[in-house]
1. For residues that are of a type in the set (A, V, I, L, M) and in contact with a Leu (Cβ under 9 Å, 6 or more places away or on another chain), scanning just the range 271-289, find the one that is surrounded by the most Cβ atoms within 10 Å (Cβ to Cβ).
2. Among the residues in the range 221-229, are any within 22 Å of the chain's Cα centre (by Cα), open to solvent by 10 Å² or more (accessible area, probe 1.4 Å) and at negative phi?
3. So how many residues does the range 43-77 have that are part of a loop (DSSP other than H, G, I, E, B), open to solvent by less than 60 Å² (accessible area, probe 1.4 Å) and touching a residue at least 60 places away in the same chain (Cβ under 8 Å)?
4. Residue by residue through the range 189-201, note down the ones that are in a loop (DSSP other than H, G, I, E, B) and closer than 19 Å to THR311 by Cα.
5. Output the residue which, of all residues in the range 107-119 that are farther than 18 Å from ASN56 by Cα and in contact with a Ser or Thr (Cβ under 8 Å, 6 or more places away or on another chain), is surrounded by the fewest Cβ atoms within 10 Å (Cβ to Cβ).
6. Check VAL204, VAL186, VAL216 and return the single one that is outside any helix (DSSP H, G or I), in contact (Cβ under 8 Å) with a residue 40 or more places away in the chain and farther than 28 Å from SER285 by Cα.
7. Looking only at the range 219-231, count every residue that is of a type outside the set (A, V, I, L, M) and in a loop (DSSP other than H, G, I, E, B) and tell me the total.
8. Which condition number in (1) crowded, with 19+ Cβ neighbours inside 10 Å; (2) over 13 Å from LEU159 (Cβ atoms) is the one that GLU210 fails?
Amino acid sequence: MDALLCKKLGDPTHSPVPSSIENDNGSPIVLDPKHPIPELKTPTSVLVRVKATSLNYANYLQILGKYQEKPPLPFIPGSDYSGVVAAIGSRVSNFRVGDKVCSVAGLGSFAQFIVADESELFRVPEGCDLVAAGALPVAFGTSHVALVHRAQLTAGQVLLVLGAAGGVGTAAVQIGKVCGAIVIAVARGAEKVHFLKSLGVDHVVDASNENVIPSVKEFLKAKKLKGVDVLYDPVGGKLTKESMKLLNWGAQILVIGFASGEIPVIPANIALVKNWTVHGLYWGSYRIHRPPVLEDSLKELLSWLAKGLITVQISHAFALSEANLAFAAIKDRKVIGKVMVICEGRGSTRSKI
């Protein structure tokens, strides 16, 4: 089968080369067309033919060697994916060959086949696009656990989403609207602003040409709102510090990531006086410590997707052989929504959807 192997740490935006030739172009990733198909090692194992796998910023950081989880080399990167059941173990009771499924793996989804225990798989409901389902677990799962499970966002609360046009950002604004919140989004560029408005966001700030804080304050004043109740922050840096000027007494801060490359300092003295709650949200650790939370979360998200309450914006889709272009799109932050890697077939699938 085709599989993308990370053989060393480095910048994955260099073109992957076939594993049969000397990898002298500096790329840490190689495309192996003869990688063995994984075997069913337990009676409850399921072999899935991967349709699509989602590219998350964490995957990029992992190949760079800058992520908190550092697997031994070589490894097949990947996390959330979707596909079709190709074979099942003797004791599998919930799935049959041909079923459409999605899941999350610690590694290994950048390949044409992957094996998972049946307990880790979720059936994709009828009417759901299979590629979209492959983009759902990490980005939407992160935002759902953060907003619904941790912050317990309720109708009428004010939600401020930084980096709102990215994968987790577009998920956060949609989940905020499903919860009935008043959603304020911050992004850069007219195209991103237009897209966020199409999602029904109540107020969008284009940080490329306007000051975020005065813009939000003006909106809040016009709507006779006191301030922001929940800050969703996958960006970090200076914008986090500035956004704290907008927070209400008793506000909640969701620390999702640091796409800016700068880790902000949240002043404990102000958090004390204003009774703020700071939530650190590392979604992946829930797989170890609270797996039932992730199971309930993904089931609800799949039902929302089937009902049309949320949509997955897929910005670009690439073949496994073009994975460097997918990583480049993530690195350059020119994406609106999600970048997907299509694992079936060998032809070019490069497109903007």
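The values are calculated or read from the model by the stated rules, or taken from the named source; none is laboratory data. Please read all numbers here as calculations on a predicted model, not as lab measurements. So basically every Cβ, Gly included, is an ideal-geometry build from the backbone, and we count neighbours across all protein chains shown. Heads up: the accessible areas ignore ligands, DNA and RNA and are worked out on the full protein's heavy atoms, side chains in. Shrake-Rupley method; radii C 1.70, N 1.55, O 1.52, S 1.80 Å.
1. Across the range 271-289, the extreme among qualifying residues is LEU281.
2. no
3. Selection size over the range 43-77: 4.
4. Hits for the range 189-201 are LEU199, GLY200, VAL201.
5. Selected residue: SER119.
6. So the residue among VAL204, VAL186, VAL216 that is outside any helix (DSSP H, G or I), in contact (Cβ under 8 Å) with a residue 40 or more places away in the chain and farther than 28 Å from SER285 by Cα is VAL204.
7. 4
8. The number of the failed condition is (1).
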